[in-house]
Structures are given as structure tokens and as C-alpha cells.
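Single-structure report; data block below.
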Amino acid sequence: MSDKKASNAMWGGRFASGPAAIMEAINASIGFDKKLYAQDIRGSIAHSEMLAETGIIEEKDQEKIAHGLNTILKEIESGKFEFSTRLEDIHMNVEARLAELIGPAAGRLHTARSRNDQVAVDFRLWVKDEFHRVAEALKGLIEAFLKRAEEHAATVMPGFTHLQTAQPVTFGHHCMAYVEMFARDLSRVRDAIERMDESPLGAAALAGTGFPIDRFRTAKALGFREPTRNSLDSVSDRDYALEFLAIAAISATHLSRLAEEIVIWSTPQFGFVRLSDSFSTGSSIMPQKKNPDAAELVRAKTGRVNGHLIGLLTVMKGLPLTYSKDMQEDKEAVFDAAETLDLMLAAMTGMVGDMQVNETAMKKAAGSGYSTATDLADWLVRTLNLPFREAHHVTGRAVALAEGKKVGLEKLTLEDLQSIHDGITDDIFSVLSVQNSVKSRTSFGGTAPAEVRRQIRYWKKRIAKA
Ligand code: ARG
């Protein structure tokens, strides 16, 4: 090989064979875009059928092309296909093999097409399939949460702000907060599919083509709603990849918050949940430990997914219309984010479904930290008609008194409470328990078990159709 001679000490290392090897290494995408083989072959078959139908190529050539492409599909799927870096990418690998298999007819496939619209259509097909996979995985996670929420609609736990005990809530209510989050992710996926459901095939290099192609036909054959409407945008648009990454990043961020809660909840100090052995590990040196590794890794992998979003945004931000080779960098970001998100969703669905909930620990914690102080203030407003600000003040004194005596609010005596405000009666004790506090919060979307159950019914119906 001539590039062997060009070996240069400065390039050194694995590029000792010279500039040709360096160029091949930086230019080639086959190492990762071979993932698109099925979409590439599908796109080519649809394109060739349209070419034959519109009389641009002959029927007999189309038959050879389709037959050859199907042979290649089988070769790839059985691991017999030899991918070559010299042939750069999946499109040229497939086309070169087609020429080996069927001879000159292979050369007719690329009529009225360019690799620019080819890669755009292949990648859209892939991203669209992945969106559907993510939607199914999100539904699975939501269903796991709905089940836990049903079991624990009335299980009290502390609700937090600033990670400080705030007011008692139910674990079911907390689970339903995640249902809301993941249902929004699901709706983002559905919206994005709707927006990207257009075929760029037939935009050719950038300007369209003079051949009498039928883009509506190829769009339909590939399962797209319609063709894209501007050839320049068709080959330079990667919004669908960016939207995938943005949605993945938001969803990963939701998963990471949940992971963080699971890490906290599973500490011996909290003890709210116990992870199953399948989703935790022991320590090699400290026998008492059970580490929430899966949750920690979900939390950590979010960094990767979020990084890919920024990575591709940064690739795209300086590109003039239309195609530039920079855009080849879209794939690894999306493939890795997709694989990572799929795994995170699977791990979380497993953890949520399997974890043991310690109702006793949750209830005990729910009553600590004067979590029913707001209920006391509300009682003063409702029963004694105090302005809320004054009630807040009276309650603050009750909390200080309880703190001094090192007891909970419900353990103060009636005399204690009357020393702060003489209008207080025995009835106040009915709101000082966490159970009653939770039961009283019946506003729409509130934490009362009856209200939580209403929301569970609503989401069960909606998710079945989502
Ligand atoms: N491998 C390329 C990519 O992924 C395919 C498109 C190449 N087009 C071109 N004009 N060089 O972006």
C-alpha cells in the first residue's frame, strides 16, 4: 500500500502508516452506523420500488436490487457480512456488496438519491423506532408505580421541602408524583414522533432532483405520514435527534431524582425501603452493608445522557445549511443515549416493582419534626376564626413548647395548649395525628387517600390508551 511509505514519526502510534490511514480513521462511521443496516436496506428497497414504478429504472433491475438487498440483510443478520472501514459507512458498504452480488444493476439504485437524504431517512427511521421503544418502557415504569401507589394510597410518610420534614403525605401520593413526571415524558415522546414523522428521502443531495420521483410513495412505504417539504431542510435537519436527546435528558433527570430518593430511603437512617437483592450489592469488607448500586448508577448515567444532548447541540450550532460531515457525529450520541436510557428505565422499573416498603419506619418519621404544625394552624383558623398569620404565630409557640419538653405536638396536654391560646379545645387532638392530617387534605390533587385513589383511577385509564 502506498500510504505505508508515508509513515511519519510525528503522527506516530497507530497512524504510523500515514495520512491515508488517519483520513480513513477520522472519516469512517461504519464502526457505529452499521446499526442502521436494517433501516438502510428498507429505505433502499422502498426507493428502488418507487424508481421502477415511475419508470426511472427497469422492473427487472429493481427485482435484482431487491433480491440482492434481501440477501445482504440475511448476511448481516447471520454475522457473515464483512464490514469494511475503507468503504466508510453503512450506505457504501451495502452498495458495494450489492454490486458484487448483482453486477451493474446495483449502480442504478442510487439514481435520484444521495447519501445525504439516505442517511437522513435511515436515521429518522431508527430514531422513530427508538421513540416507540422508550414509550413502551415509560408505560411499564408508570404501571409499576401505579401498582405501588394502589398498595400504599394510605401509607403515611413525611413529605419534604428542602429535605426537611414538612407535612405528612402518603407514599402512594409520592409514587403518583412520579407517574405525573413519566407521563409527561411519554407525552413528549408522542409529540416528537408526530413532528418527525416525515420522510426526507428524495431531497437528494440538497436541491431535489429532476427525475420524476414520487416522494409520497416512498414516504408511505416507509411508514411516514408524508414527505418533508423543503429539500434543504430535509438533509440538514437533525431536530429529531436533538429532541430525542432532550427528551432522554429530561426523563433521565426524572430517573435520577428518583434514584437519589431511593438512595436516601434505603439508608439505615431512613429505612423507608429495602431494595431486593437483585438490585443491590453487598460490600466485600463490611458484611452489614447493602448498597443501592443500581440506583446510584441510574443517577450517574444521567450525566452521560445529559452530556450527549449538549454534545450534539454543540455540533449543530455552527453548521451552515445544508449537510456537513460534522453531522455524522449525531449517531454515537443518540445510540449511546438510547442504550443508556433503555437500561435506566429497565433498572428503575425493576427496583420500583421489587422494593419493600417499610410502613412502620415511614409512619414514625412522618410524625417527627412537628409535621402536623400546619394542621394545628389550620384548625385555629377554621375553628377559632383566627387570621392565618396569627394562627401561624400561635402554632410556632406550641412547637417551641413541645421542643422544650422534647415531645411531639400530639403529646402536649390541653393545658399546655390553652396556655398559648385559651380558645383551644379537646377537638384539636383530632388533627394532630399524621393519619388525620393526611386524610384532611382532600383538595384536588392533594394527599388524602381518597384523592390519591381518584388520581390512580384517572391515570390507569389514560395510560391504557397512551
Ligand atoms: N456517513 C455519513 C453520515 O453519517 C453519510 C452521509 C455522507 N454524505 C456525504 N455527502 N459525505 O453523515
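Data for the structure
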{"quantity": "Cα-derived Rg over Rh, computed across region 229-336 with Rh taken as Kirkwood radius", "calculated": "1.21"}
{"quantity": "Counted charge near Met92, where neighbours are those whose Cβ lies closer than 11 Å (Asp, Glu -1; Lys, Arg +1)", "calculated": "-2"}
{"quantity": "Per-residue SASA entry for Ile463, accessible area with 1.4 Å probe, Å² rounded to 10", "calculated": "10"}
{"quantity": "Per residue value of the accessible surface for region 326-414 (all protein chains in place, 1.4 Å probe), Å²", "calculated": "48"}
{"quantity": "Cα-based reach from Lys147 at 21 Å (exclusive), listing lysines while leaving out same-chain residues under 8 positions away", "calculated": "Lys139, Lys363, Lys439, Lys460, Lys461, Lys465"}
{"quantity": "Ile247 accessible area, 1.4 Å probe, all protein chains in place, Å² to nearest 10", "calculated": "10"}
{"quantity": "Radius of gyration and maximum dimension Dmax of region 76-134, Cα, Å", "calculated": "13.6, 41"}
{"quantity": "Estimated [θ] at 222 nm from DSSP helical runs (n ≥ 4, -39500 (n - 2.57)) normalised by residues in the chain, nearest 500", "calculated": "-20500 deg cm²/dmol"}
{"quantity": "Radius of gyration and maximum dimension Dmax of the chain, Cα, Å", "calculated": "30.8, 100"}
{"quantity": "For region 295-433, convex hull of alpha carbons as volume per residue, Å³", "calculated": "209"}
{"quantity": "Relative contact order (percent, whole number), the chain, Cα cutoff 8 Å, 6+ residue spacing", "calculated": "16"}
{"quantity": "log₁₀ of I(q)/I(0) at q = 0.13, 0.22, 0.23 Å⁻¹ - region 145-225, Debye sum with one point per alpha carbon", "calculated": "-0.61, -1.00, -1.03"}
{"quantity": "Charge dipole magnitude, Cβ of K and R +1, D and E -1 - the chain, Cα centre, debye nearest 20", "calculated": "540"}
{"quantity": "Above-threshold pairs, the threshold being 32 Å between Cα atoms, out of Lys289/Lys331; Lys80/Lys317; Lys128/Lys301", "calculated": "Lys289/Lys331; Lys80/Lys317"}
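The values are calculated or read from the model by the stated rules, or taken from the named source; none is laboratory data. Model, not experiment: these values are computed from the prediction. As a convention, Cβ positions derive from the backbone with ideal geometry for all residues, glycine included, and neighbour counts pool all protein chains shown. Surface accessibility is based on the protein's heavy atoms, side chains included, excluding ligands, DNA and RNA. Shrake-Rupley method; radii C 1.70, N 1.55, O 1.52, S 1.80 Å.
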